[in-house]
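Undergrad: The structure is given below, and queries will be raised subsequently.
The values are calculated or read from the model by the stated rules, or taken from the named source; none is laboratory data. Only a predicted model underlies this, so the values are computations on that prediction, with no experimental measurement involved. Positions of Cβ are generated from backbone atoms using ideal geometry, with glycine treated the same way; all protein chains shown enter the neighbour counts. Calculation scope for accessible area: heavy atoms of the full protein, side chains included, ligands and nucleic acids excluded. Shrake-Rupley method; radii C 1.70, N 1.55, O 1.52, S 1.80 Å.
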Amino acid sequence: LAKTTQPISMDSYEGQEVNITCSHNNIATNDYITWYQQFPSQGPRFIIQGYKTKVTNEVASLFIPADRKSSTLSLPRVSLSDTAVYYCLVANTSGTYKYIFGTGTRLKVLA
Amino acid sequence: EPEVTQTPSHQVTQMGQEVILRCVPISNHLYFYWYRQILGQKVEFLVSFYNNEISEKSEIFDDQFSVERPDGSNFTLKIRSTKLEDSAMYFCASSAKTGRTEAFFGQGTRLTVV
């Protein structure tokens, strides 16, 4: 499984766009990139998943460059309720029976 | 929206006692997982389960731990003889497939060993 590296923490202000970048230099051809969000004392919650280029849903966008060695989660116009830990995971589509969480990025949104 | 449910939400037990943590995965999911999170630390993989057997387990999942799917709906984690260091949040998760699809996590069971 590819190792991921993310910033430990980030601060932002309400209404700003937040971009969290994850490095996964050893990503394999069959690997997908998935982001989860975790609030205190709750289980992780799926945000978005992608393989290449750009994916957008109602919550976030995920940008993946052509070499796929990194990815950026973009949260538009964050609010105080977006304060959470964000995890980047890399997992392939076959033969993987686990999701490995790194240390994540602790995002704090300030008023 | 379908959800994974875990019971109890909080369990306090004495060191050396056995505990069973229970989970009801989403009904049409085929893959099941247990994770734990010690306070202030990252989410750690314990075990995955598919087709009524363990698919993969971490080094944390030693002989003190076992998992079972006793019927068509429940998925349990048993800790035979709890230690103080087993105190953590335990999360159950399920997914329709591995890797490519999202895993749904329950709200967790906070286990406190005293």
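Undergrad: Checking residue A:99 against (1) among the hydroxyl-bearing types (Ser, Thr, Tyr); (2) open to solvent by less than 70 Å² (accessible area, probe 1.4 Å); (3) more than 12 Å from every other protein chain (Cβ to nearest Cβ), which single condition isn't satisfied?
TA: (3)
Undergrad: Can you find even one residue in the range A:18-32 that is outside any loop (DSSP other than H, G, I, E, B) and within 9 Å of chain B (Cβ to nearest Cβ)? Full working, then the answer.
TA: Going through the range A:18-32, the residues outside any loop (DSSP other than H, G, I, E, B) turn out to be A:18-23, A:31-32.
With the extra rule that they be within 9 Å of chain B (Cβ to nearest Cβ), the set shrinks to A:31-32.
Yes, there is a match, as at least one residue in the range A:18-32 is outside any loop (DSSP other than H, G, I, E, B) and within 9 Å of chain B (Cβ to nearest Cβ).
Undergrad: Taking residue A:49 as meeting all but one of (1) in a strand (DSSP E or B); (2) open to solvent by less than 50 Å² (accessible area, probe 1.4 Å); (3) within 19 Å of residue B:42 (Cα to Cα); (4) not aliphatic (A, V, I, L, M), write down the number of the exception.
TA: (3)
Undergrad: I'd like the full set of residues that are assigned to a strand (DSSP E or B) and farther than 18 Å from residue B:55 by Cβ, limited to the range B:11-33.
TA: B:11, B:12, B:13, B:19, B:20, B:21, B:22, B:24
Undergrad: Here is a further query. Has the range A:2-17 got any residue that is surrounded by 15 or more Cβ atoms within 10 Å (Cβ to Cβ) and within 14 Å of residue A:99 (Cα to Cα)?
TA: Yes.
Undergrad: Of all residues in the range B:32-44, how many are over 9 Å from the mean Cα position of the chain (by Cα) and more than 7 Å from chain A (Cβ to nearest Cβ)? Please lay out each step first, then the result.
TA: The first filter runs over the range B:32-44 and keeps only residues over 9 Å from the mean Cα position of the chain (by Cα), leaving B:37-44.
Remaining after also requiring more than 7 Å from chain A (Cβ to nearest Cβ): B:37-41, B:44.
Looking only at that region, the number is 6.
Undergrad: Moving on to the next point. What's the number of the condition residue B:62 fails, among (1) touching a residue at least 12 places away in the same chain (Cβ under 8 Å); (2) more than 13 Å from the chain's Cα centre (by Cα)?
TA: (1)
Undergrad: For the range A:26-43, which positions are loosely packed, with under 15 Cβ neighbours inside 10 Å and more than 15 Å from the chain's Cα centre (by Cα)?
TA: Here is the first cut: in the range A:26-43, the residues loosely packed, with under 15 Cβ neighbours inside 10 Å are A:26, A:28-30, A:39-41.
Residues satisfying the conditions are A:26, A:28, A:29, A:30, A:40, A:41.
Undergrad: Do you know which of the residues in the range B:58-114 that are among the hydroxyl-bearing types (Ser, Thr, Tyr) and surrounded by 22 or more Cβ atoms within 10 Å (Cβ to Cβ) is modelled with the lowest pLDDT?
TA: B:98
Undergrad: Taking the range A:94-111, which residues are more than 23 Å from residue B:92 (Cβ to Cβ) and either without any contact (Cβ under 8 Å) to a residue 24 or more places away in the chain or assigned to a loop (DSSP other than H, G, I, E, B) (or both)? Before you say what the answer is, go through the steps one by one.
TA: So in the range A:94-111, the residues more than 23 Å from residue B:92 (Cβ to Cβ) come out as A:94, A:105-111.
Once the filter is applied, which keeps residues that are more than 23 Å from residue B:92 (Cβ to Cβ) and either without any contact (Cβ under 8 Å) to a residue 24 or more places away in the chain or assigned to a loop (DSSP other than H, G, I, E, B) (or both), the range A:94-111 yields A:94, A:111.
Undergrad: Given B:48, B:55, which one is among the small types (Gly, Ala, Ser), more than 16 Å from residue A:44 (Cα to Cα), within 11 Å of the chain's Cα centre (by Cα) and open to solvent by less than 50 Å² (accessible area, probe 1.4 Å)? Let's see the steps before the verdict.
TA: Values: B:55 fails: within 11 Å of the chain's Cα centre (by Cα).
Every option except B:48 fails the conditions.
Undergrad: How many residues are at pLDDT below 95 and not in a loop (DSSP other than H, G, I, E, B) if we restrict to the range A:56-77?
TA: Count: 0.
Undergrad: Output the number of the condition that residue B:39 fails; it satisfies all remaining conditions of (1) under 16 Å from residue B:114 (Cβ atoms); (2) crowded, with 18+ Cβ neighbours inside 10 Å.
TA: Unmet for residue B:39, out of (1) under 16 Å from residue B:114 (Cβ atoms); (2) crowded, with 18+ Cβ neighbours inside 10 Å: (2).
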